[in-house]
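Values in this text are rule-based calculations from the coordinates and carry no lab data. This one's a predicted model, so the numbers in the text were calculated from it and none came from an experiment. Cβ coordinates were reconstructed from backbone atoms using ideal geometry, including for glycine residues, and neighbour counts include every protein chain displayed.
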Amino acid sequence: MKKCTFEWLAKLGCLLTLVSLLSGCQTSSKQLEASAKGEVHEGMTRDEVIKLLGKPDLSARGFKELAIDRFVAQEKDYRYLPADSGYDGPTVVNSLTVLYTADRKVDKIHHSRGNVVWNSRTYGDATGGTIAHTLDTRSIKEGETTLAEMKTWFGEPTATLLHFDKQLSYEWVFVKSGYLTGFKTELLRAGFTADGKVENLVVWEDWNWDY
């Protein structure tokens, strides 16, 4: 796929992801975990998938009438919630991407599960268990930075999602929260070349992650 086309899809995916997260989730984490165990499989019809999982959080169509549904479910897991953070929302994101053929049969599925990334020391301290990451894109070099390096800098991604070309994009949701500083989130989306070098990225700054 040409680079410009991939970048356009990445930007569109970011917008759709943002809309889906802001609109809330229709699918439960239990349903998505069941899908990962084989209840959603290649050859199923789209109607069968929706009957099992409910309405997708986003749907998209591409060239050759290929289609994608993405289902998102969020959980609150206190193991990933820093003490005294001033935040009481979900900390875990379950995501399922389903790619369909032109006749709306399941071609490929991808399930991911990950945590939000805490990137602030405005509350507590490191000895108290605070996970501190800094989202600084100046360190990310197009065509040079690898996925392994980004995982070292930012931790494991919050979610991964499937595109029409069956390649994955990686998302990190950064949360900064404190009783005195308020609540802020940023979404980093990155795509990589076949040899694992960053090809494009976009950051949604200071957007409201409405639960």
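According to a simple spin-label model (label point 7 Å from Cα along Cα-to-Cβ), what is the distance in nm between I50 and T137?
Each label point is offset 7 Å from its Cα along the Cβ direction, giving 3.4 nm.
Mind checking the full-extension length gain between R79 and A148? Use 0.36 nm per residue of separation minus the Cα-Cα distance, one decimal, nm.
Here the segment from R79 to A148 would lengthen by 22.4 nm.
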